[in-house]
Amino acid sequence: MAVSPQLQAAIAAHRFGLGEPDLGIVSRDAEGWLAAQIGPADPARGSGLLDTPGALRLVAEERERRVAAKNPPPGMTAEQVVSGHYREVLIADARSRLATAAATQRPFAERLQWFWANHFTVSVLKGSTRGLVGAFERDAIRPNIAGRFETLLVAATTHPAMLRYLDNWLSAGPHSRIVALEARRAARRDEGTRVSGINENLAREVLELHTLGAEGARNGAYTQADVTAFAAVLSGWRIARDPAADASRFDPDWHEPGRKTVLGKSYPEGPNALYELLHDLARHPAAARFVATKLARHFVADEPPPALVDRLAAVYLKSDGQLGELYRELIHHEAAWTPLPAKLKTPEEFVVSTARLLAAGERMFERPEVNAGGAVFSLGQRVMAAPSPAGWSDRGDDWLGPDAVWKRVEWATRVADRAGRSVDARRLAVESLGPRLGAESARQIERAADGSQALALLLLAPEFQRR
Amino acid sequence: MNPNDRQRNDRFPQSPARRRLFTAAAAVTGSLAAWPTLTLAGAAGPGTNRLVLVILRGGLDGLGAAPAIGDPDFAAARGPLGQFAAPPLRVDPTFALHPSLVELHAMVGQREAAIVHAVGLPYRERSHFDAQQVLESGGTRPYELSTGWLGRALVASGSKGLALNTTVPLVLRGRADVDTWAPSVLPDPSADLVARLERMYAGDPALATALERARQLRADSPMATQDAAPAGMAASGPRPGAFVTLSRRAAEFLAQANGPQAAVLEIGGWDTHANQTNPNGPLAAGLRQLDLGLAALRAGLAADGAWQRTAVVVVSEFGREVAVNGTLGTDHGTGGVAFLLGGAVQGGRVVADWPGLAKGQRYEGRDLRITTDLRAVLKGVLGDHLKIASRSLDAEVFPDSAKVRPLQLLRG
C-alpha cells in the first residue's frame, strides 16, 4: 500500500467502518484493525427485541385480533382493534439497528451485517412481514456474516420472514395433497378454493437477487423453466403452526410430489432438495461473480475495479464461499485503498456516522425526543423498509438527486443547531478525517459564522458525505 | 379554494390571474424573449406542451386494470380474478376499467383519455429490475444503455425535466436539465450556509450540481414554505396519499410559465402476487390512488388552461400472467396496458390489436401477447407533443427503432 498510515487509518474508519470521532482508535496497522473485526456481528443492542419464535407468536396474535375484530367491542371499529399491533416492535427494531451500529466497537462487522441484510432484503413495507424483519436480521444474518455463503443463504431463504416476504408460505404444489383436498372441499360446499397453486416469487428472487444475479438470466445461466422447477422444490416450505416447534416448517401436504430438474440437475421430492439446491447454487461460478461484484461495489466504487472483482470471485471459488476469506482479501487488495472516496454514504450511513462523530452513540437514538428512524426517513430512506426485494440501491446516482442532497443539508442544519455549541467542529474535523480533510473544507469550517454552522459544514463536507 | 391557496396567490407572483396575463402578453409580442424571466435556457414558454410520465413499478396487471370483459375467453381465463367487488366501468363492448378507476373512466367519457392494450416492451423476460431498466432506458436489452429515453428526448428538444422524487430516475438521466423535488418536513437552511457549501463543493461536481439545482428549485416552488398539508384537510377526510400530493405539486410546477416541460411521477406496489380480488387489497387500493392522482393532475393543470396542452402517459415495466396464481394474485407476465390522458390526447377509445385470451393465443401459453410496442406509443407522443424529429426518435431517443412506427394518439 502506497498511502501513509494516517491516511490508511482514515480510509479504514470511514470506508470500511462507520466513522470515528478520533482516528486514534484505529491502530497503526489499519488492515489489522479491520481484520480483527471479522466474525459474527455483535449481538443487537436494545430492549423489547423479539427472537424469531417470539415474533411469530406476535404474528399469530395479530391473526387472532383480526378474527376478533370481525365483532368489535361497542364503540370501536375493526381497524382500531388491530391497529398498532406491531408498533412497539417496529420502533424497538429500528432503534436497535441504529443504536447497535452507532455504539459498536466493530463497525466493519456492522457494515457487513447491513450489507447482507440488504442483499437478502425483507421489508416491513409488506404487511405479512411486519414484526419479523428485526428477528430476521438478528437470527438469520448477524450470526452468519462471516461463515460460508451457503450457511447464510440457507438461513435467509428458510427464515419465516423470507418465506412470508416472497409469498412462499402460500405456495402449494399443483399436485400437492392440500390442493386436492381443497378442491374437494370447495366442490362439496360449492365455493372457491382457498389454495390452488404455485407461487414463483421466492424461487425467482433467490436466483436473480441472492445467488446468480439478473446477469445470470441474461447469460442463460437459468431460464423460466428453472424458476418454475425451483418453485416446486420450494413448495411446502411454510411457517410452523406452533412457532416453538421450529423444525416442522416444511409441510409435505403442500409440497409438489416427484423429482424436479433445476439447472440441469435432478432433485428428489421432499425438504432435502432445497438444501441440495442451495448448496449447488452457492457453488455456481455466477454466484461467486455476483457476490464479489456486489461486495466490491458496496465498499469501493459504484463501478468496482475489475481486478478486484476478479480476485474476490477467485477467492470465493477457491475457499468454497468462505466469506471471512473474501473480507480478508478485500481489505488486503490495493484497489480498496484508493485515497479518493468514490462512494456516497446512504442516508442511514450518514445518520449513524453523524451519531458516532458526535460520540452520541446509543444515546442519540435512545432519547425519545430524537426520532432516529425519522431522521433516516426524512433523507429518503427508511430503516428496515426497502422498497423492493432488490433492497436499497448501492449507487451514488440514486442518492444524489437535488432533493436528496437538500434534505441532507436540512437535517445537518438541525443537528448542528442542537449540537454545534458543545463541540469544536474544527478540532473534530481534523481528528475524525485526518489527512482526508481537504484544504477547501478545512477553510470553510474554519471560517464558519459560528459553531453550529461549522458543524453543519463538517457534516456536509464531501469528505464526510463520501467514504 | 381553501384558505391556504388564497394566501399563496396573494404572496406569490404566479397566481392564475397573473399567468393568464402572461400568456396574452406573449401572444401580442410574439416573442417569449420579451419577458425577462423566460430567457432561461431550455425554459418552456407559457404556450408550450407539457408531458407527464407516470411509472407504475412492480408490473401492473393490465387485465385487472382494464379487463377485456367482452372477450369470449375472459371469464374462463381469469377465473376468480374476473369477479370484481363492483361492476367494472364499461368503455366499449369489449373493454372496461377497474371499478377503482372512476376519474379515469370519466376522462375517457370526455374523450380526454385513451387505453392502449396488449402493449409492452421489446424485453420478454420476467425480471422487474431488468424490465424497468429497459422501460426507462429505451433500449431493447437490459443495461445496453445507461441513460433514459426521456432524458435524451429533453436534450433533443432543449427542455427541462422534473422528477417528483428525491432522486433522479433512470428515465430522466442523460445530460438533460433535470430537477428533483419532494416535500420537506424540516425548515429551510440559511442562504449563508448554502453559499458556503457551494464553495466547499467546488471540487465535487456531483454534489455541487445537486445543491445548485435544489436551491433554484426551492426558490421556484410556489409552495416552498408551505409544505404542511393545508389546514382543514384532516377534518374533511383522510389525508391524500403521497402520490396525490406529488401529482398536485407536479401540476403546480408544470403550470408555471418557466416550469419544466416534462415531469416524471412514480408509484410502486403493483407486484400483486397475492390478494388481488380483495376490494381493499393492493391492486384496488393502488388503482384508487392512481385515479385520485391523475384527477389531481387534471384539476391542477385545468385551472391554468395548461391541461389542453398536456399529455400524460401511464406505463408499467410489464404485465402479469393471464391466469390466477395459487394465492389469488398473478405472477410476472409480459403484455399489459398503458393509459394516455390529457387535453392533447385523442381520447375516448381503446387502442389495441387485440390478441385474445385463449391459451393458444397467449405468449408462452401464459401472458397477454404483446401486439403493440410501447415504444410506438412513446414515439408518437414525443414526436407530436415535444416536436422531436423522427430521425432523432429513431436513432437517439429509442436507438435502432426505425422499424417501430409512431402511433397517432394525439389530436392532430
Could we say that A:Ala314 is among the small types (Gly, Ala, Ser), surrounded by fewer than 16 Cβ atoms within 10 Å (Cβ to Cβ) and in a helix (DSSP H, G or I) here?
yes
Checked B:Ala323, B:Ala302 against criteria (surrounded by fewer than 24 Cβ atoms within 10 Å (Cβ to Cβ) and closer than 23 Å to B:Ala68 by Cβ); the one match is B:Ala323
### Query
In region B:294-316, is there at least one residue being charged (D, E, K, R) and under 25 Å from B:Phe74 (Cβ atoms)?
no
Original post:
In this structure, is B:Gly281 within 24 Å of B:Asp71 (Cβ to Cβ) and out of contact with any strand residue (DSSP E or B) (no Cβ under 8 Å at 6 or more places or on another chain)?
Top reply: yes
Output for Cβ contacts, cut-off 8 Å, separation at least six or different chains, first residue assigned by TED's automatic domain parsing to the domain that holds A:Leu207 and part of a strand (DSSP E or B) in region A:253-264, second of a type in the set (Ser, Thr, Tyr) and modelled with pLDDT of 95 or more, reads A:Lys260/A:Ser266; A:Lys260/A:Tyr267; A:Thr261/A:Tyr267
Result of the Cβ filter at 7 Å on region A:8-19, keeping first residues that are closer than 15 Å to A:Ala35 by Cα and partners that are in a helix (DSSP H, G or I) and among the β-branched types (Val, Ile, Thr), at least 6 apart or interchain, is A:Phe16/A:Ile331
Note: among A:Ala217, A:Ala231, just one is assigned to a helix (DSSP H, G or I), more than 19 Å from A:Phe149 (Cβ to Cβ) and without any contact (Cβ under 8 Å) to a residue 12 or more places away in the chain, namely A:Ala217
The correct count of residues that are more than 24 Å from B:Val171 (Cα to Cα), free of Cβ contacts under 8 Å to residues at least 60 places away in the same chain and aliphatic (A, V, I, L, M) in region B:248-284 is 1
Picking from A:Gly258, A:Gly213, A:Gly264, the residue that is out of contact with any Ser or Thr (no Cβ under 7 Å at 6 or more places or on another chain), modelled with pLDDT under 95 and at positive phi would be A:Gly213
Of (1) at pLDDT 90 or above; (2) under 24 Å from B:Arg218 (Cβ atoms); (3) among the acidic types (Asp, Glu), A:Asp450 fails just (1)
Considering region A:27-41, residues that are at pLDDT 95 or above and part of a loop (DSSP other than H, G, I, E, B), and then whichever is nearest to A:Ala461 (Cα to Cα), we arrive at A:Gln37
Against the definition (among the basic types (Lys, Arg) and either in contact with a Pro (Cβ under 6 Å, 6 or more places away or on another chain) or within 10 Å of another protein chain (Cβ to nearest Cβ) (or both)), how does A:Arg414 come out, yes or no? yes
Among residues of region A:417-467 being within 11 Å of chain B (Cβ to nearest Cβ), touching a residue at least 24 places away in the same chain (Cβ under 8 Å) and among the acidic types (Asp, Glu), the residue nearest to A:Ala301 (Cα to Cα) is A:Glu463
Within region B:194-208, the residues that are surrounded by fewer than 18 Cβ atoms within 10 Å (Cβ to Cβ), more than 15 Å from A:Ala449 (Cα to Cα) and more than 8 Å from chain A (Cβ to nearest Cβ) are B:Glu198, B:Pro205
Considering region B:239-270, residues that are at pLDDT 85 or above and within 13 Å of another protein chain (Cβ to nearest Cβ), and then whichever is surrounded by the fewest Cβ atoms within 10 Å (Cβ to Cβ), we arrive at B:Glu266
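Quick grid of which residues meet (1) touching a residue at least 60 places away in the same chain (Cβ under 8 Å); (2) more than 14 Å from every other protein chain (Cβ to nearest Cβ); (3) crowded, with 21+ Cβ neighbours inside 10 Å:
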{"site": "A:Glu137", "(1), (2), (3)": "yes, yes, yes"}
{"site": "A:Pro143", "(1), (2), (3)": "yes, yes, no"}
{"site": "A:Arg148", "(1), (2), (3)": "yes, yes, no"}
{"site": "A:Leu152", "(1), (2), (3)": "yes, yes, yes"}
{"site": "A:Thr158", "(1), (2), (3)": "yes, yes, no"}
{"site": "A:Leu163", "(1), (2), (3)": "yes, no, yes"}
{"site": "A:Leu166", "(1), (2), (3)": "yes, no, yes"}
{"site": "A:Ser171", "(1), (2), (3)": "yes, no, yes"}
{"site": "A:His175", "(1), (2), (3)": "yes, no, no"}
Screening A:Ala94, A:Ala68 for residues that are farther than 23 Å from A:Leu277 by Cα, touching a helix residue (DSSP H, G or I) at 6+ places or on another chain (Cβ under 8 Å) and surrounded by fewer than 20 Cβ atoms within 10 Å (Cβ to Cβ) leaves only A:Ala68
Among strands (runs of 3 or more DSSP E) entirely within region B:99-191, at least 3 residues that are within 23 Å of B:Leu368 (Cβ to Cβ), within 16 Å of the chain's Cα centre (by Cα) and more than 13 Å from every other protein chain (Cβ to nearest Cβ) occur in B:113-120
Restricting region A:185-205 to residues that are modelled with pLDDT under 90 and either in a helix (DSSP H, G or I) or crowded, with 24+ Cβ neighbours inside 10 Å (or both), the one farthest from the other protein chains (Cβ to nearest Cβ) turns out to be A:Arg188
So is B:Arg152 of a type in the set (D, E, K, R), crowded, with 24+ Cβ neighbours inside 10 Å and touching a helix residue (DSSP H, G or I) at 6+ places or on another chain (Cβ under 8 Å) or not? yes
Scanning region A:319-346 residue by residue, those crowded, with 18+ Cβ neighbours inside 10 Å, within 14 Å of chain B (Cβ to nearest Cβ) and under 18 Å from A:Pro306 (Cβ atoms) turn out to be A:Lys343
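The values are calculated or read from the model by the stated rules, or taken from the named source; none is laboratory data. The structure displayed is predicted, hence computed values, not measured ones. Note that we place each Cβ from the backbone using ideal geometry, even for glycine, and neighbour counts take in every protein chain shown.
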